[in-house]
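First comes the structure, then the notes that go with it.
The values are calculated or read from the model by the stated rules, or taken from the named source; none is laboratory data. Since we're looking at a predicted model, the values are computed, not measured. Cβ coordinates were reconstructed from backbone atoms using ideal geometry, including for glycine residues, and neighbour counts include every protein chain displayed.
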Amino acid sequence: MKKVHLATSKDNLRPALNYFQVKNGFVYASDCHILVKLPVDEVFGKGKFSTTDEFYILGEDWKKQKMYAAINFGEFQNILTAYGKKGETLGMLKILTASEFKEKVGVFPDCEAIIPTEDKPTESIVSISFNPTLLDKLTEAMQDSCRLFNLTFFGQRKAIVVKHNKPEEYTNGLGLIMPLAF
């Protein structure tokens, strides 16, 4: 399972980013500096949730309940239960539906709007700067057995796209690192 909580924000001034979103078959997590987009099957296992499901999970709860160490998940009335290798319960947490999230927390940003859609850089790149600890945090949130990643630079002030080096195994997952202004 994935350590998606590493990409969520800890900032109380951005409460929506303390959560990660499950929507349209993907899991989105961001702290405004990095963004992780992973197929729902890579996070929860194959066939656990449909592509029409939309819900939200608090990143800190994911970490506290050791959901990232689960082998299997069960869901009952918006309660997600994580099970370990021997069938033991690792933890339980409440998930928020889209309407509950909007009412209690606010609006989650449209992550798809900032993901570059072009395949190649649109401008020449003279220099670019980013925080290497953000790259470490992002790759740890995305990693499974793969620790090799490809970085694509689209411009000096554009997001850096991070994808697994094995696209045949990790087809739709990606990460973004926002560049630093200098």
**OP:** Mind counting the residues in segment 99-142 that are of a type outside the set (Lys, Arg), surrounded by 14 or more Cβ atoms within 10 Å (Cβ to Cβ), under 25 Å from Phe44 (Cα atoms) and without any contact (Cβ under 8 Å) to a residue 60 or more places away in the chain?
**Re:** 3
Original post:
Quick one: would you say Thr81 is closer than 18 Å to Ser99 by Cα and free of Cβ contacts under 8 Å to residues at least 60 places away in the same chain?
Top reply: no
Original post:
Hey, Thr81 hits all of (1) part of a strand (DSSP E or B); (2) crowded, with 18+ Cβ neighbours inside 10 Å; (3) in contact with a Phe, Trp or Tyr (Cβ under 8 Å, 6 or more places away or on another chain); (4) not acidic (Asp, Glu) but one; which does it fall short on?
Top reply: (2)
Subject >> Single condition Phe49 does not satisfy, out of (1) within 18 Å of the chain's Cα centre (by Cα); (2) under 20 Å from Arg14 (Cβ atoms) >> reply: (2)
**OP:** Quick one: count up the residues across segment 2-40 that are surrounded by fewer than 17 Cβ atoms within 10 Å (Cβ to Cβ) and free of Cβ contacts under 8 Å to residues at least 60 places away in the same chain.
**Re:** 7
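Count, please, the residues in segment 65-77 that happen to be surrounded by fewer than 16 Cβ atoms within 10 Å (Cβ to Cβ), outside any helix (DSSP H, G or I) and small (Gly, Ala, Ser).
Summing the residues that are surrounded by fewer than 16 Cβ atoms within 10 Å (Cβ to Cβ), outside any helix (DSSP H, G or I) and small (Gly, Ala, Ser) in segment 65-77 gives 1.
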Original post:
Could we say that Gly91 is surrounded by 10 or more Cβ atoms within 10 Å (Cβ to Cβ) and not in a loop (DSSP other than H, G, I, E, B) here?
Top reply: yes
Original post:
Is it true that Leu6 is within 30 Å of Thr117 (Cα to Cα), in contact with an Asp or Glu (Cβ under 6 Å, 6 or more places away or on another chain) and of a type in the set (A, V, I, L, M)?
Top reply: yes
Original post:
With (1) over 17 Å from the mean Cα position of the chain (by Cα); (2) more than 22 Å from Asn172 (Cβ to Cβ); (3) not acidic (Asp, Glu) as the list, and Leu96 as the residue in question, which single condition is left unmet?
Top reply: (1)
Subject >> Identity of the residue in segment 117-134, in contact with a strand residue (DSSP E or B) (Cβ under 6 Å, 6 or more places away or on another chain) and closer than 13 Å to Leu176 by Cα, that ends up modelled with the lowest pLDDT >> reply: Phe130
Subject >> Members of segment 42-64 found to be surrounded by fewer than 17 Cβ atoms within 10 Å (Cβ to Cβ) and either part of a helix (DSSP H, G or I) or at pLDDT 95 or above (or both), listed by number >> reply: Glu60, Lys63, Lys64
